[in-house]
Amino acid sequence: MNKILFYSTQKYEIKYFNKINKKFNFYIKYTKKQLNKKTVKLSKGYNYICIFVNDNAKNKEIIYKLKKYNIKIIALRCTGFNNVNIKLANKNKIKVINVKSYSPRSIAEYTLSLILNLNRKIHIAYQNSKNQNFKLNNLIGFNMYKKTIGIIGTGKIGQELIKILKGFKMKIIAFDIIKYPIIEKYGAKYTSLNKIYKYSDIITLHCPYNKNNHHMINYDNIKKMKKNVLIINTSRGELIDSKSLIKAIKNKKIKGIAIDVYENEKNIFFKNNTNKIIKDNIFNILMSYYNVLITGHQAFLTKEALINISKTTLNNINKISLNKICKDLITN
């Protein structure tokens, strides 16, 4: 029986993976621990490991240990794979797979909810109401109708968001290194990054992270934006320089920020930090601002997405174990 060790497991995942696994009958062991230099030893005795966004399979020592333990597959139960050393894994005959598409609509809908919440200050109004404060001071938003939204990244998630926003009759401009002709059918037009920065009332990120777009939202680029711009990120935290956000808020260069990802989220998200001291000062400062809305990497979290992730992950592992073609195999 093939054995899989799941790192960084959350309770909400186990139900769906166990249900789908009835078809494959893998032996699955779940651990809450993240994959790192200390925990890589837990994979000894398993055939495959399954990891999530904050696990570390990038470190050379970890890849070599996985090779030593005869791990054949690193399965990512997510789309992004910037936390895996693909080249070194392949060189050591460890196959890497991801879930290229599980529910783009889930993330697109969540992005819209962040836009609406941030614009109409629902997160502030909710806290005010809890304190029985029903004054409307400082709760003014704006109509999205005919406003300009800049979408950076027009893959499946970006395309789903464009289709949703079409109903708001917004002006949709977009940027991507790959041009998808279908987005014009949905009502968007491609333009340059500089024009997105210059003309957008709202900017939302939907691109994978790599070394070329590290901190693409930095203070120099923020200076190019409209003074009252809203910035939304449900993609990868490393796309935004958090220190630049703080500087921009202090200088009143932006109106608000909503992020579901954070560049140093690894030791903060996916755990209960109640009554604990978070030692990340940048994060603490961002959390203190009234016009910053932060959620804990939950944009993907719908029943439909969890089912699709479970099905795709286990099906991909099964295909590779049987030497069948797997469309989600990642190579150099």
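The values are calculated or read from the model by the stated rules, or taken from the named source; none is laboratory data. Everything numeric here is computed off the predicted structure, so don't read it as measured data. Ideal geometry is used to build each Cβ from the backbone, glycine not excepted, and the neighbour counts take in all protein chains shown.
Among the candidates Ile240, Ile246, Ile257, which residue alone is more than 19 Å from Asn213 (Cβ to Cβ) and surrounded by 14 or more Cβ atoms within 10 Å (Cβ to Cβ)?
Ile246
Those residues that are in a helix (DSSP H, G or I) and not aliphatic (A, V, I, L, M), I need them from segment 305-323; list them, please.
Once the filter is applied, which keeps residues that are in a helix (DSSP H, G or I) and not aliphatic (A, V, I, L, M), segment 305-323 yields Asn308, Ser310, Lys311, Thr312, Thr313, Asn315, Asn316, Asn318, Lys319, Ser321.
Has segment 320-330 got at least one residue that is β-branched (Val, Ile, Thr), in the same structural domain as Leu76 (by TED's automatic domain parsing) and exposed (fewer than 15 other Cβ atoms within 10 Å of the Cβ)?
Yes, some residue in segment 320-330 is β-branched (Val, Ile, Thr), in the same structural domain as Leu76 (by TED's automatic domain parsing) and exposed (fewer than 15 other Cβ atoms within 10 Å of the Cβ).
Within segment 201-235, how many residues turn out to be of a type in the set (Phe, Trp, Tyr) and farther than 14 Å from Gly80 by Cα?
So the answer is 1.
For every residue, the table says whether it meets (1) in the same structural domain as Ala125 (by TED's automatic domain parsing); (2) over 24 Å from Ala108 (Cα atoms); (3) aliphatic (A, V, I, L, M).
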residue	(1), (2), (3)
Ile240	yes, no, yes
Ser244	yes, yes, no
Ile254	yes, no, yes
Ile257	yes, no, yes
Lys266	yes, no, no
Phe269	yes, no, no
Asn275	yes, yes, no
Ile278	yes, yes, yes
Leu314	no, yes, yes
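Restricted to segment 194-233, and to residues that are under 23 Å from the mean Cα position of the chain (by Cα) and of a type in the set (Ser, Thr, Tyr), which residue is nearest to Ile294 (Cα to Cα)?
Thr204
State all residues of segment 234-252 that are within 20 Å of the chain's Cα centre (by Cα) and among the hydrophobic types (A, V, I, L, M, F, W, C); if no residue qualifies, say none.
Once the filter is applied, which keeps residues that are within 20 Å of the chain's Cα centre (by Cα) and among the hydrophobic types (A, V, I, L, M, F, W, C), segment 234-252 yields Leu239, Ile240, Leu245.
In the set His123, His215, which member is over 28 Å from Thr302 (Cβ atoms), touching a helix residue (DSSP H, G or I) at 6+ places or on another chain (Cβ under 9 Å) and either at pLDDT 95 or above or not in a loop (DSSP other than H, G, I, E, B) (or both)?
Step by step, each of His123, His215 is checked, and only His215 is over 28 Å from Thr302 (Cβ atoms), touching a helix residue (DSSP H, G or I) at 6+ places or on another chain (Cβ under 9 Å) and either at pLDDT 95 or above or not in a loop (DSSP other than H, G, I, E, B) (or both).
Is it fair to say Tyr209 is farther than 28 Å from Lys169 by Cα and surrounded by fewer than 21 Cβ atoms within 10 Å (Cβ to Cβ)?
Taking the combined requirement at face value, the residue satisfies it.
Quickly run through segment 133-187 and pick out the residues that are surrounded by 12 or more Cβ atoms within 10 Å (Cβ to Cβ) and at positive phi.
Gly153, Lys169, Gly187
Residues checked against (1) out of contact with any strand residue (DSSP E or B) (no Cβ under 8 Å at 6 or more places or on another chain); (2) without any contact (Cβ under 8 Å) to a residue 40 or more places away in the chain; (3) within 16 Å of Ile94 (Cα to Cα); (4) not in a helix (DSSP H, G or I):
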position	(1), (2), (3), (4)
Thr274	yes, yes, no, yes
Ile277	yes, yes, no, yes
Leu293	no, no, no, yes
Ile325	yes, yes, yes, yes
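Please go through segment 81-104 and give me each residue that is buried (at least 17 other Cβ atoms within 10 Å of the Cβ) and in a helix (DSSP H, G or I), ordered by number.
Those that are buried (at least 17 other Cβ atoms within 10 Å of the Cβ) and in a helix (DSSP H, G or I): Ile86, Leu88, Ala89, Pro104.
Is it true that some residue in segment 227-236 is without any contact (Cβ under 8 Å) to a residue 24 or more places away in the chain and either loosely packed, with under 15 Cβ neighbours inside 10 Å or out of contact with any Lys or Arg (no Cβ under 7 Å at 6 or more places or on another chain) (or both)?
Looking for residues that are without any contact (Cβ under 8 Å) to a residue 24 or more places away in the chain and either loosely packed, with under 15 Cβ neighbours inside 10 Å or out of contact with any Lys or Arg (no Cβ under 7 Å at 6 or more places or on another chain) (or both), one finds none in segment 227-236, hence no.
Among the residues in segment 45-55, are any touching a residue at least 24 places away in the same chain (Cβ under 8 Å), assigned to a loop (DSSP other than H, G, I, E, B) and among the small types (Gly, Ala, Ser)?
Yes, because at least one residue in segment 45-55 is touching a residue at least 24 places away in the same chain (Cβ under 8 Å), assigned to a loop (DSSP other than H, G, I, E, B) and among the small types (Gly, Ala, Ser).
Quick grid of which residues meet (1) touching a residue at least 40 places away in the same chain (Cβ under 8 Å); (2) assigned by TED's automatic domain parsing to the domain that holds Asn36; (3) surrounded by fewer than 21 Cβ atoms within 10 Å (Cβ to Cβ); (4) assigned to a helix (DSSP H, G or I):
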| position | (1), (2), (3), (4) |
| --- | --- |
| Ile71 | no, yes, no, no |
| Thr79 | yes, yes, no, no |
| Glu109 | yes, no, yes, yes |
| Leu112 | yes, no, yes, yes |
| Gln127 | no, no, yes, yes |
